[in-house]
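Below is one structure, written out as structure tokens, with a few remarks after it.
The values are calculated or read from the model by the stated rules, or taken from the named source; none is laboratory data. Fair warning: this is a prediction, and the values are worked out from it, not measured in the lab. Because the Cβ atoms are built from the backbone with ideal geometry, glycine has one as well, and the counts that use them run over all protein chains shown. Only protein heavy atoms, including side chains, enter the accessible area calculation; ligands, DNA and RNA are left aside. Shrake-Rupley method; radii C 1.70, N 1.55, O 1.52, S 1.80 Å.
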Amino acid sequence: MQNSIKYNEILDALLKLLETKNIETISVSEIAQTAGIGKGSIYYYFPSKNAILEALIERSYKKPIETAKTLATQTNISPFTRMAMIFQACRNSSLEFLTKKKDSALSNAQEESFLHQRYLNHLISELKPELTAIITQGIEQGEIHFDHPAALAEIVLIVLAVKFDNTILPSTPNQIEETIAGLISLLEKGTENPAGSLNFLITSHLT
């Protein structure tokens, strides 16, 4: 328990420093001082400052990624229902990030963009194998007809991450819904499902 507390205190310290400073200018000593621990203790948990940043990103998206991994094993649930639940997990994680950004004093747009890209890259790379597994199961069950499950998973996640995040390409709620509707239409055609059969995916991000 004590180790877990110190581990998270280090991550919290970096998060606090990022509110006012660039990642490049933050030193391990500053992180240690902000966390209230010795610099040597930092290296007990992390080999470098970059490793601390990666752990902070991983912690931020822990819930949606755990959700996706759990869903990948639940073969008794329709693959499209599980995809809808991943849609919702993506939306929730994006809303959480945007809330943190709003509350943050961070004013450096370039720094914010850099961190944001790291967050999105982590989310997509971690969720891709899980969504690929779900799509592959759908193919094996005859519910999905597609030759490239990994490519389909990546396309879906990129669209979802960008649109739900809504900072890389800012859009109105109507524009976001239109894009998601277009994605669903492509999914229906690409997986040989009747038009409108996957419309429930469109509303999953609104609930």
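So residue 119 clears everything in (1) buried (at least 16 other Cβ atoms within 10 Å of the Cβ); (2) closer than 17 Å to residue 82 by Cα except one condition, right? Which one?
Result: residue 119 fails condition (2) only.
Taking the options 104, 93, name whichever one is modelled with pLDDT under 70 and buried (at least 16 other Cβ atoms within 10 Å of the Cβ).
Criteria check complete, one pass: 93.
Considering (1) open to solvent by 60 Å² or more (accessible area, probe 1.4 Å); (2) at pLDDT 90 or above, say which one residue 8 fails and leave the rest.
Only one criterion in (1) open to solvent by 60 Å² or more (accessible area, probe 1.4 Å); (2) at pLDDT 90 or above is unmet by residue 8, namely (1).
Under 30 Å from residue 133 (Cβ atoms) and open to solvent by 50 Å² or more (accessible area, probe 1.4 Å) - does that describe any residue in segment 39-57?
Yes, because at least one residue in segment 39-57 is under 30 Å from residue 133 (Cβ atoms) and open to solvent by 50 Å² or more (accessible area, probe 1.4 Å).
Go through segment 115-205 and tell me which helices (runs of 4 or more DSSP H), entirely inside it, have 1 or more residues that are aliphatic (A, V, I, L, M) and without any contact (Cβ under 8 Å) to a residue 12 or more places away in the chain.
The qualifying helices (runs of 4 or more DSSP H) are 149-165, 173-190.
Considering only segment 8-44, state which residues are in a helix (DSSP H, G or I) and touching a residue at least 40 places away in the same chain (Cβ under 8 Å).
8, 10, 11, 14, 15, 23
Looking at segment 54-79, I want the residues that are modelled with pLDDT of 85 or more and have a partner that is open to solvent by less than 60 Å² (accessible area, probe 1.4 Å) and among the aromatic types (Phe, Trp, Tyr) with Cβ atoms under 7 Å, at least 6 apart or on another chain. Which pairs are those?
55/46
Any residue that is under 14 Å from residue 115 (Cα atoms) and polar (S, T, N, Q) - is there at least one of those in segment 37-53?
Yes, because at least one residue in segment 37-53 is under 14 Å from residue 115 (Cα atoms) and polar (S, T, N, Q).
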